[in-house]
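Worksheet for the structure shown next.
Each reported figure results from applying straightforward, stated rules to the coordinates on display, with no laboratory input. What you are looking at is a predicted structure, and each value in this text was computed from that prediction instead of being measured.
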Amino acid sequence: MSDRNLNLVISEAARKLEKVGIEAGAAEAELILCDLLDCTRLHLFLQGSMLLNDALMEKFNAIVEKRLTRYPLQYILGSSWFFGRKFKVNEAVMVPCPETEILMDSVLRSARFCPSTPVKILDIGTGSGVLALTLKLENPELDITAVDISEEALAVARENAARFKIESNVRLCRSDLFAAIAGDEKFDIIASNPPYITIGDYEGLPPEVKADPQVSLLAGDQGLDVIERILTEAPDYLNVPGYLIFEVGDNQAEGIFEIVDQDKRYSDCLLIKDLADIDRIVLCKVK
Ligand SMILES: C[S@@+](CC[C@H](N)C(=O)[O-])C[C@H]1O[C@@H](n2cnc3c(N)ncnc32)[C@H](O)[C@@H]1O
């Protein structure tokens, strides 16, 4: 048994992590311990004086050492939390962001306004599958299709679907946006967390974000290459009424609002803010 209790281990690791620029050092140390001990943060809090055995200390220290290089914790642990569930992640997929939970919430709410039975949803750029699979798990009545251009990402999404035992209930396929969708297929909602980083902003991103696959981040000079293609093609694949709901980067929402405003196929456009008060989700309705 080591002479280190949980509280001491957390505070020592937090100090080291913060020194290399990881702001949430304590929270990350706790996440590592929760993963190793397979417990909740509440359990850590209640067991603060518990001593850690040597084998566990060794594993913990190895993870902290790797994290000190600014390699993302989620890739080290091989998992990431989304909407209260643990998903497998690896370097083939973007680490899910908390903002995407707002996208998730907006899609679930919008589904309640769709008259079709079942409500059909297309997730473009599914990555690890967090959005598509969570939608199905939250509301099994939804008919979900999810596409991604990356076969490696789809392999992760398929593993996650199998983990949650819904592999035969969600359609996952490789597609460059709508390319593999039949021309006459219609959805009630098209949802996406597309790549939206500008080439200029890429270099200045934190190392953790730059570890994500470039295909999940980069979208041309203005960061709008993929979003503009989705806006152009989506109305052909939407029922009326139907919704296109997608996540955008800082400072992109207003420009996109103007593009949608000019396109008479869309009747309404709504911007939804994230917890930092930044316009993060664009919700467009087709007439
Ligand atoms: C920002 S990530 C989002 C991943 C996941 N939906 C999430 O929210 O965590 C964007 C995803 O879009 C995919 N992607 C990029 N270009 C695409 C395209 N032309 N067609 C389909 N998927 C694309 C990437 O492979 C990546 O998985």
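Computed across region 6-69, the Kirkwood radius stands at 11.6 Å (inverse of mean 1/r, all Cα pairs). Taking every alpha-carbon pair under 8 Å whose residues sit at least 6 apart, region 6-69 reaches a relative contact order of 38 percent. Coordinate range of the alpha-carbon atoms in the chain per principal axis, descending: 68, 41, 31 Å.
How high is the relative contact order of the chain? Use alpha-carbon pairs under 8 Å, at least six apart in sequence, and give a whole percent. That works out to 14 percent. In the structure shown, do any of Lys16/Lys273; Lys16/Lys210; Lys16/Lys88; Lys86/Lys210; Lys86/Lys186 have a Cα-Cα gap over 24 Å, and if so which? Long pairs (Cα-Cα over 24 Å): Lys16/Lys273; Lys16/Lys88; Lys86/Lys186.
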